[in-house]
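The values are calculated or read from the model by the stated rules, or taken from the named source; none is laboratory data. Treat the numbers as computed from the prediction; the structure is a model and nothing was measured. A quick note on method: Cβ atoms are made from the backbone with ideal geometry, for glycine too, and the neighbour counts reach across all protein chains shown.
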Amino acid sequence: MTMQGFMRLSPGEYFTDPLKNKSAVIADLFGSSFVGLKLDAPPLVELDARTGLPLLAMHVWPNQVLPQPDFKRTALLTAVDLRTGFVHAAPAFDLGARGRPSPPARPDPDQGPLPEGMNARTYEIDARGRLDLPWEPAELLLTIVTLDQLSNRVRVKLEVSAATYRDPEVARFVEEQRARAPFPAVHPSADDVLPSYRKRPSSPAIPEASGIALSVERIHVTRPDAPALVHGSFRVPVGPARLVDRDAWLAQMLATSPQAVAPSALVPITLLLTGSEVATPFVWHLWVPSFDPPEEIASRKMATGYFAFDMLMLGDVAAVAQTTFIYAFSGELLTGPIPAAYVAESSLPR
């Protein structure tokens, strides 16, 4: 019987006995000196046979490390729908009335150093409930982010079971309709200064391999009307990058954007921000244009380009003096964490 993931479970055991091997797994992780986050999930969930998508998360840390911010407060669950490129994100746990808990108690210095050893805690999460996932066929790539830590990524297919009749004509019709769907608009739309989709002096170099590069100010002093800039570049495979019929795109867009310049491809990029004080996710779904010549995209199966934004367009991300961590998603690509600290001008020496 095939086992899947670090918890060494057979497919059905994720639903019936998910903690079956917990003690043995923890012992092995302690023996390997692993520190960090582990994530596990069934490779397949049958939509007509199950009501949820179970995840198992394990947090492992050394006993002598000073207490960190509460894991349950800061953990965010993300799921990339590889079919559409959409990124779902939400707190991994329902804190209910806890809101913002007190920080963990620090050790009493009079008690001497903490003993050596490791700590581990396992969590069961229903991804469908936490992310409010549409209960329909999909291929998901799931990750847990907590401040500047990332779990491994797990892939889960949502499919109807073999017991359900599948009409091939319906499947073909749905795919045809998806192919005929209107092109998305560039979002947010370009302006005279920002947002920008052309190379700027502060733009990072386009990654040599597929990926997303980000550049931000490491320390940002919050002053009235001071922008919080993020510059980015990308090299994204065709697939997540959607090729554009330029004539059709222009015909669709000119009614609302008379000055529009047709891109060769549109790339879905999602920015996720989380903070050391306020861990609620800020999520920004972008459609970024690539102006590469169509023949270049066709030959290398990649689209490249640039973007620049003021992160304050996301909301008042600088309202709280804290360190934020920025992640960027596009299909299977994930970049981050990129730290950026916001410092209130009033807190500086005068």
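When Thr78, Thr74 are checked against the criterion of being buried (at least 20 other Cβ atoms within 10 Å of the Cβ), in the same structural domain as Leu142 (by TED's automatic domain parsing), modelled with pLDDT of 90 or more and in contact with a Leu (Cβ under 6 Å, 6 or more places away or on another chain), a single residue qualifies: Thr74. The strands (runs of 3 or more DSSP E) located wholly in the stretch 175-284 that include 3 or more residues which are among the small types (Gly, Ala, Ser) occupy 211-216.
As a summary of the residue check, Ala279 satisfies the conditions (1) of a type in the set (A, V, I, L, M); (2) touching a Lys or Arg at 6+ places or on another chain (Cβ under 7 Å); (3) closer than 17 Å to Leu250 by Cα except for the one numbered (3). Comparison of Val267, Val278, Val244 shows that the only residue that is at pLDDT 85 or above, assigned by TED's automatic domain parsing to the domain that holds Ala298 and farther than 27 Å from Pro339 by Cβ is Val244.
Are any of the residues in the stretch 284-300 among the acidic types (Asp, Glu) and within 27 Å of Val221 (Cβ to Cβ)? Looking through the stretch 284-300, none of the residues is among the acidic types (Asp, Glu) and within 27 Å of Val221 (Cβ to Cβ).
Go through the stretch 24-46 and give me each residue that's surrounded by fewer than 18 Cβ atoms within 10 Å (Cβ to Cβ) and more than 23 Å from Ala75 (Cα to Cα). Correct list: Ala24, Ala27, Asp28, Gly31, Ser32, Leu44, Glu46. Criterion applied to Arg153, Arg121, Arg130 was being surrounded by 12 or more Cβ atoms within 10 Å (Cβ to Cβ), within 30 Å of His231 (Cβ to Cβ) and basic (Lys, Arg), and the one residue passing it is Arg153. Quick check: is even one residue across the stretch 274-285 more than 30 Å from Asp70 (Cα to Cα), touching a residue at least 24 places away in the same chain (Cβ under 8 Å) and in contact with a Ser or Thr (Cβ under 9 Å, 6 or more places away or on another chain)? The answer is no, given that none of the residues of the stretch 274-285 is more than 30 Å from Asp70 (Cα to Cα), touching a residue at least 24 places away in the same chain (Cβ under 8 Å) and in contact with a Ser or Thr (Cβ under 9 Å, 6 or more places away or on another chain).
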